[in-house]
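The values are calculated or read from the model by the stated rules, or taken from the named source; none is laboratory data. Here the structure is a predicted model, which is why all the values come from computation and not from measurement. Reconstructed Cβ throughout: ideal geometry from the backbone, glycine too, with neighbour counts over all protein chains shown.
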């Protein structure tokens, strides 16, 4: 790994100048590190020409691209020029997409022909559109072909220069744009590069979308710090994963959400371990799938934690127990607190098999009571205030802590359920249901109870060739010693596949909104402990009447 640290992303870009090793590849392009720096310099010069400083106008550009080489080139250009980048989610549509671009004050949007129809007819006054895969774009860049890093900037580039406006993927309301400075991103990259011993001969495979913080912070940035190569996949593809890894000699990748499940669902082959990968780093794979992945592909998956907002991070050490994320760094003061009372939760107690026994009293919200690197949200003081209640940073994530201080992820506070006055974490129930060998994917979520609180509903995608057997499922539930009496799902929706967001996370909002009012097969227990039976039209009508009688609906 390169020995000296960098204070800014711009410095990381400048370091590539004169390095003629392969630095960036995809299916159609191969660029050296030097060419990457030169390409970033040319785009920085163009940026300064197209976006001169103007009173009241921010130096912001939006990137609406798949993972093509243009994406990291424009990240580098923004860093050199002292501009900030808003990653625009291509799954957003219409007014929502226009809102994202206007909210982040983008003066330029860099896109590609495939995404150009998304912008048709949108109200984007004063926004210039650059379409990368066109002759006109090449002609715009041509005069700056000889630019060098540092030739063009909009002003001083410092560690505190605004660099990223990363939209959060919250399940309700308009997404918030978390701020990240050049210094924080460079420091995050250096920390990961050191922790994972990233070397210049490593190749980081970026298959998660670069508009999401995971790909930029945990994949691109540490590669930049170490001088490692970067290989891109335009959009995640489970079937192309191993061929890409072999083609590029990839050694490291990141993942989020259900990407690991999709990889495990591909047909196994005799050469599954014939590759150069040494590590995967990400979130939400789950202990069961992580073990299956290592057994099949021979690659350890390291579950990490660090929100896009940067308000809290967990340090993984060699003695981290199975299932845990890690513990607080020595300089941090992380606590697991009851979000309602603010009191510290009880330490977790485990069975001899390592299963959590006291979820109701141990699970709470992770809070950073020390100095937080959170840099705020763009033009959203209300959201900032909610994050920084009482001078502490409230992560919005559920955790539990064992007696020695190791922290275990338990889901989002949005995924907390309250059943018969007992607080439950959806992720805890999911982890148990994922043990069922017939399930390829599981999502657990709250739907309203007809009278008060919530009821537990689960969506299950079955493995190929399997059918839902209600008696077998009930027997499986009864055999799980850590499944509390309030945890078994009352409703089970059987789906061909789980709905996902653009970042491969379960689209829980869509599942909650559908509730049991869906054309998919739904099984339910009319009373707790009774056998599962099909939810018929007659039963649905009776349930709906029951909700109406109490002034409630089965959807949020």
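Tabulated results
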quantity: Subset of region 256-287 that is at pLDDT 95 or above and touching a strand residue (DSSP E or B) at 6+ places or on another chain (Cβ under 6 Å) - its residue that is surrounded by the fewest Cβ atoms within 10 Å (Cβ to Cβ); calculated: 279
quantity: All strands (runs of 3 or more DSSP E) inside region 93-197 with 2 or more residues being in contact (Cβ under 8 Å) with a residue 12 or more places away in the chain and under 22 Å from residue 16 (Cβ atoms); calculated: 162-167, 177-181
quantity: Residue count, region 306-317 (criterion: closer than 13 Å to residue 397 by Cβ and modelled with pLDDT of 85 or more); calculated: 5
quantity: Per-region count, region 337-369, residues surrounded by fewer than 13 Cβ atoms within 10 Å (Cβ to Cβ) and outside any loop (DSSP other than H, G, I, E, B); calculated: 0
quantity: Verdict on residue 294 being in contact (Cβ under 8 Å) with a residue 12 or more places away in the chain, over 19 Å from the mean Cα position of the chain (by Cα) and not assigned by TED's automatic domain parsing to the domain that holds residue 168; calculated: no
quantity: Index of the failed condition, residue 98 passing every other in (1) buried (at least 19 other Cβ atoms within 10 Å of the Cβ); (2) within 23 Å of the chain's Cα centre (by Cα); calculated: (1)
quantity: Tally, over region 27-59, of residues that are more than 24 Å from residue 103 (Cβ to Cβ), more than 28 Å from the chain's Cα centre (by Cα) and not in a helix (DSSP H, G or I); calculated: 1
quantity: The one condition in (1) crowded, with 20+ Cβ neighbours inside 10 Å; (2) within 30 Å of residue 208 (Cα to Cα); (3) modelled with pLDDT under 95 that residue 487 fails to fulfil; calculated: (2)
quantity: Among (1) in contact with a helix residue (DSSP H, G or I) (Cβ under 6 Å, 6 or more places away or on another chain); (2) more than 29 Å from residue 409 (Cα to Cα) - the single one residue 247 does not satisfy; calculated: (1)
quantity: Number of positions in region 310-331 that are buried (at least 17 other Cβ atoms within 10 Å of the Cβ) and either under 26 Å from residue 418 (Cβ atoms) or out of contact with any helix residue (DSSP H, G or I) (no Cβ under 8 Å at 6 or more places or on another chain) (or both); calculated: 12
